[in-house]
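These notes are about the structure you will find just below.
The values are calculated or read from the model by the stated rules, or taken from the named source; none is laboratory data. All values derive from a computational prediction rather than experimental measurement. Because the Cβ atoms are built from the backbone with ideal geometry, glycine has one as well, and the counts that use them run over all protein chains shown. In case anyone asks, the SASA skips ligands and DNA or RNA and just uses the protein heavy atoms, side chains included. Shrake-Rupley method; radii C 1.70, N 1.55, O 1.52, S 1.80 Å.
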Amino acid sequence: MDTVFYLIQNMLPVAVPLLLVALGGMFSERSGVINIALEGIMLFGAFFGALFVYSIQSSGINPQVILLLGMVVAAFAGFVYSLLLSFASVTMKADQTITGTALNMMIPAAILLFSKMFFNSDGITTNVGFFIRKMPVLGDIPLLGQLFFQKTYLTVIIGFVLLIIAVIIFYKTKFGLRLRACGEHPQAADSVGINVYVMRYAGVSLSGILGGIGGFFYSVGILDGNISGHTGVAGFGFLALAVMIFGQWKPIKILFAALFFAFLRTLAYSIALIPFLNDLGVNQTYYKMLPYVATMVVLAFTSKKSRAPKAEGIPYDKAKR
């Protein structure tokens, strides 16, 4: 039972960044813009979030307050960086894949340069401890408290709150309906007075905000508050794309897909705790490959059946309203 608790407690901080970044990709693609730049947006948000934490870590502010402030900074950074994709893809009608790839390639090099210049290292190292051993009141709940509110991070709760907000926005608001309409039938949306360009900017901006937060949460829950331009976010942006596709561009399915991939990653780093797998004598490196092998398998079986509804780039080419 202790092993089960350990796996779940360590799986959730990994699942939350995947969940948030995949939700961001969902908003962007449902508006009609394919966001390949999620990896770069994650790293951009993580870097500025870590930089902010580094700048105020000696102020004596409660670590959880610092985390919330860092989240806001990371969200803003992700939003700003996503505007580059919006401008290139929506306004200039550039190829989205090439633009996203360029944005992904630029940030690791920029962070390495900045870190070498100002910190003489590959990234930013902070000394703020965000880990929560036990949450007041909630941590005392039998079973659930031990599973979800002990030995965890505040990022887990925030991640599920943002999931609920995303579901409400996506399915229960006029904005969500208009966003989906602009991705599925832009000409029809334009005919009823919806500004397709504005909605696509909004979709990519939401993607940037969630991607930035997801990147910062990655640095908190997986790298313990640090970020490096050399290792980046370990391909989590691309893994989030697979999570989004596996989840069929639907928030709740994306949640289960994120949990699945996070479980595989956590399992790979916990082999020594599972006697059956440990006795097999298989090198741990092969277990670490599981999330990425699963990604290829999932994409092979779902790519033809699961496609974003009419997310065909920018077919809309009418005058701006």
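State which residue is nearest to PHE236 (Cα to Cα) when the search covers only the stretch 278-295 and only residues that are among the polar types (S, T, N, Q) and part of a helix (DSSP H, G or I).
THR295
Pairs only if they're at least six apart or on different chains, beta carbon under 9 angstrom, first in the stretch 123-134 and closer than 14 Å to GLY70 by Cβ and in contact (Cβ under 8 Å) with a residue 60 or more places away in the chain, second open to solvent by 20 Å² or more (accessible area, probe 1.4 Å) and part of a strand (DSSP E or B); list them, first residue then second.
ILE124/SER228
Please verify whether the stretch 264-287 includes one or more residues that are under 18 Å from LEU162 (Cβ atoms), open to solvent by less than 10 Å² (accessible area, probe 1.4 Å), of a type in the set (A, V, I, L, M) and modelled with pLDDT of 80 or more.
no
Across the stretch 166-219, what is the total count of residues that are open to solvent by less than 20 Å² (accessible area, probe 1.4 Å), among the aromatic types (Phe, Trp, Tyr) and closer than 16 Å to TYR81 by Cβ?
Qualifying residue count, the stretch 166-219: 2.
Spot the failing condition for GLN64; the list is (1) in contact (Cβ under 8 Å) with a residue 40 or more places away in the chain; (2) more than 17 Å from the chain's Cα centre (by Cα); (3) open to solvent by 10 Å² or more (accessible area, probe 1.4 Å); (4) closer than 24 Å to PHE114 by Cα, and only one is missed.
Of the numbered conditions (1) in contact (Cβ under 8 Å) with a residue 40 or more places away in the chain; (2) more than 17 Å from the chain's Cα centre (by Cα); (3) open to solvent by 10 Å² or more (accessible area, probe 1.4 Å); (4) closer than 24 Å to PHE114 by Cα, the odd one out for GLN64 is (4).
Any chance the stretch 110-117 includes a residue that's closer than 19 Å to PHE217 by Cβ and either out of contact with any strand residue (DSSP E or B) (no Cβ under 8 Å at 6 or more places or on another chain) or surrounded by 14 or more Cβ atoms within 10 Å (Cβ to Cβ) (or both)?
For the stretch 110-117, residues closer than 19 Å to PHE217 by Cβ and either out of contact with any strand residue (DSSP E or B) (no Cβ under 8 Å at 6 or more places or on another chain) or surrounded by 14 or more Cβ atoms within 10 Å (Cβ to Cβ) (or both): present.
Which of the residues spanning the stretch 198-230 are in a helix (DSSP H, G or I) and out of contact with any helix residue (DSSP H, G or I) (no Cβ under 6 Å at 6 or more places or on another chain)?
VAL198, ALA202 - these are the residues of the stretch 198-230 that are in a helix (DSSP H, G or I) and out of contact with any helix residue (DSSP H, G or I) (no Cβ under 6 Å at 6 or more places or on another chain).
If ILE168 satisfies every condition in (1) without any contact (Cβ under 8 Å) to a residue 40 or more places away in the chain; (2) within 17 Å of the chain's Cα centre (by Cα) but one, which is the exception?
It is condition (2) that ILE168 fails.
When residues of the stretch 10-54 are filtered for being within 23 Å of PHE256 (Cβ to Cβ), part of a helix (DSSP H, G or I) and not basic (Lys, Arg), how many remain?
Residues that pass the stated criteria total 23.
Mind listing just one residue for me: the one in the stretch 232-246 that is part of a loop (DSSP other than H, G, I, E, B) and crowded, with 24+ Cβ neighbours inside 10 Å and, of those, farthest from the chain's Cα centre (by Cα)?
GLY232
Determine whether the stretch 83-95 contains at least one residue that is open to solvent by 20 Å² or more (accessible area, probe 1.4 Å), more than 16 Å from the chain's Cα centre (by Cα), at pLDDT 95 or above and under 27 Å from ARG265 (Cα atoms).
No, that holds for no residue.
Considering only residues that are in contact with a helix residue (DSSP H, G or I) (Cβ under 7 Å, 6 or more places away or on another chain) and assigned to a loop (DSSP other than H, G, I, E, B), look in the stretch 118-128 and name the one that is most open to solvent (accessible area, probe 1.4 Å).
Out of the qualifying residues, it is ASP122.
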